[in-house]
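Take a look at the structure set out below.
Where a number appears in this text, it was derived from the coordinates with a stated rule and is not lab data. Computed from a predicted model, the values in this text were never measured in an experiment. Note that we place each Cβ from the backbone using ideal geometry, even for glycine, and neighbour counts take in every protein chain shown.
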Protein chains: 2
Amino acid sequence: MHAMVEKTRQPKGLRDITRDAVRNSISDVAVDLSAERGFDAVTVEDIAQTVGISARSFHRYFPAKEDAVLGDSTPWGELVREVVATRPDDEPVWQCLQTAYEALLGQFGELDARMKRRLRVLGSTPSLRARNMEKHLQWEAMLTPLIAARLPGQNTTLRARTIIQASLACWDIALATWAEESETRSAGHLLALTFAELSPNTAGPGA
Amino acid sequence: MHAMVEKTRQPKGLRDITRDAVRNSISDVAVDLSAERGFDAVTVEDIAQTVGISARSFHRYFPAKEDAVLGDSTPWGELVREVVATRPDDEPVWQCLQTAYEALLGQFGELDARMKRRLRVLGSTPSLRARNMEKHLQWEAMLTPLIAARLPGQNTTLRARTIIQASLACWDIALATWAEESETRSAGHLLALTFAELSPNTAGPGA
DNA sequence: GCCTAATCTGTCAGATCCTGTCAACTATGG
DNA sequence: CCATAGTTGACAGGATCTGACAGATTAGGC
């Protein structure tokens, strides 16, 4: 089905296996129902009943209804941080970030169809977009010290936050465009397009 | 249909005056209490009781608790759109956007202290930051056609969205930094710093 | 000044989301 | 087999937000 990341921890016993399975079921049902009726028109009770669990159990798997659609993006953020950390010190930050995001796209791989549906629901629901950006704030906090250390000159933290937020905008817009029905270009290509619009200053602000 | 109501720029009757006054009172109380205890630790009931109204009336003035702190940013967005629309066609988009944001800073003017408190609460509450970005999405929708028309080459909409989101990131980060306790630089200066980090590509993507 | 209509407010009721608690159930390990 | 720990369902409760209705306040016309 889907090869999971070994980095986090692979399920040890029957408990962890069933837990991951239930988690995926909830997420799938949440995306499906939201795609049909719209996210706001679907209640937690609806999702839980479709899966076959109680509403209370739903919240034991996901803290909020939004998270059932968004999934847990923390491991992905960690992956980005990891890639950035292992890049050569003299590599320009924009190129460095683009490489990291491309690595993230590689992880998607097999989940294309599922991911597109998810992104479509995400793009059509304001509260989901908000929650998604909230998670990006955690990415920013993780990446800021790494990026700041790579920047020459002054105000490195301020400038690092600016670059990271801008790159996340590139990421979001590229993915949202990729998920559109009529879009045929690859996610990597779209990501390159958005990055190209902002990254020309690879020589640094002083150049 | 919509030609009747221009905007509540100037209250016409006693009703509108009192309504604006109550609205400001609610907003002030919401910011004050949130600054003291934290936004999540303040209930709508607390705010309403402090102002002297019922919780139901609170929701007649603000649809959500977040909006009481954030206020209505729609008129700000319209101002930005207006400034951008009146700029010369051959002006680079980044310079154009920076001018528009600076005009926005000029509008703040007298509200410095109040605005700083508001921004501090905003920066310390993830859900508020997310809601704020959600409002920026409306700005993006408003500005995208204007900016896209100014871009040469292909994929103008995709690139316009990227630039707008990036510029909004500059705006947010500059304001958040400006509101910090130890910060002494002006908001305009900080805005120039963040813009300088991304705007070097004023010659366009092909250069 | 008075009356009618529009608007605002408070109160009540309800839907939904989310959390705490507790007893019953199940897998794991000795 | 049994003890422990994790999971679940059921109930209760707080909080946000909305709809409905009745009373109060205000605006405009007489």
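Taking springs between alpha-carbon atoms closer than 10 angstrom, which of A:Arg131, A:Arg150, A:Arg185 fluctuates most in the Gaussian network model of chain A?
Maximum fluctuation in the GNM of chain A, among the listed residues, is at A:Arg185.
When chain B is treated as a GNM, springs tying every alpha-carbon pair under 10 Å, which of B:Ala148, B:Ala174, B:Ala113 comes out with the largest mean-square fluctuation?
B:Ala113
For labels at A:His59 and B:Ala64 in the simple 7 Å Cα→Cβ model, what's the distance in nm?
Going by the 7 Å Cα→Cβ label model, 1.9 nm.
How high is the relative contact order of chain A, in percent, with contacts defined as C-alpha pairs under 8 Å that are six or more residues apart?
It comes to 20 percent, rounded to a whole number.
Given the Cα-Cα distance of A:Thr99 and A:Arg185 and 0.36 nm per residue of separation, how much length would full extension add, in nm?
Contour length minus the Cα-Cα distance gives 29.1 nm.
Full-extension gain between B:Thr18 and B:Thr157, please, as 0.36 nm times their residue separation minus the C-alpha to C-alpha distance.
Gain in length upon complete extension: 45.7 nm.
DSSP loop chymotrypsin sites (Phe, Trp or Tyr not before Pro) in the stretch A:29-113 with at most 15 other Cβ atoms within 10 Å of their Cβ, which ones?
For chymotrypsin sites (Phe, Trp or Tyr not before Pro) across the stretch A:29-113 that sit outside H, G, I, E and B with at most 15 neighbouring Cβ atoms in 10 Å, the list is empty.
For the protein assembly as shown, what is the charge dipole size about the Cα centre, in debye to the nearest 20, if Lys and Arg each add +1 at the Cβ and Asp and Glu each add -1 at the Cβ?
640
If I take the Cα coordinates of the stretch A:73-198 and project them onto the principal axes, what are the three extents in Å, biggest first?
Ordered largest first, the stretch A:73-198 gives principal extents of 44, 27, 27 Å.
As a test of understanding, state the convex hull volume per residue of the stretch B:14-66 from its alpha carbons, in Å³.
Looking at the stretch B:14-66, the number lands at 65 Å³ per residue.
Okay, which of the stretch A:165-189 sit inside 18 Å, backbone N to the point 7 Å along the Cα-Cβ direction of A:Ser73?
The answer is A:165-180, A:187-188.
Mind sorting A:Ser73, B:Ser34 by how few other Cβ atoms lie within 10 Å of their own Cβ, fewest first?
Placing the least packed residue first, the sequence is A:Ser73, B:Ser34.
In debye, nearest 20, what is the charge dipole magnitude of the stretch B:14-66 about its Cα centre with +1 on Lys and Arg Cβ and -1 on Asp and Glu Cβ, if you could check?
That gives the stretch B:14-66 a dipole magnitude of about 300 debye.
Using label points projected 7 Å from each Cα along Cα→Cβ, tell me how many nm separate B:Ser124 and A:Ala85, to one decimal.
In this crude label model, B:Ser124 to A:Ala85 measures out at 3.0 nm.
Sort shortest first the distances from A:Ala55 to its counterpart in every other copy, using label points 7 Å along the Cα-to-beta-carbon line, and give them in nm.
In ascending order, 1.7 nm.
So how compact is the stretch A:1-158: Cα radius of gyration and Dmax in angstrom?
Rg, Dmax (Cα atoms, Å): 18.0, 57.
Over the Cα atoms of the protein assembly as shown, each weighted equally, I'd like the Debye log10 I(q)/I(0) at q = 0.06, 0.11, 0.12, 0.13 Å⁻¹, rounded to two decimals.
So the normalised log intensities work out to -0.27, -0.94, -1.12, -1.29.
Report the gain in length on full extension from A:Val44 to A:Leu137: 0.36 nm times residue separation, minus Cα-Cα distance, nm rounded to one decimal.
Gain on stretching A:Val44 to A:Leu137: 30.9 nm.
Put +1 on the Cβ of every Lys and Arg and -1 on every Asp and Glu Cβ in the stretch A:14-67; which of A:His59, A:Val29, A:Val44 then has its Cα farthest towards the positive end of the dipole?
In the stretch A:14-67, that residue is A:His59.
To the nearest 500 deg cm²/dmol, what mean residue ellipticity at 222 nm is calculated for chain B from DSSP H runs of n ≥ 4 alone, each contributing -39,500 (n - 2.57), summed and divided by the residues?
So the calculated ellipticity at 222 nm is -23000 deg cm²/dmol.
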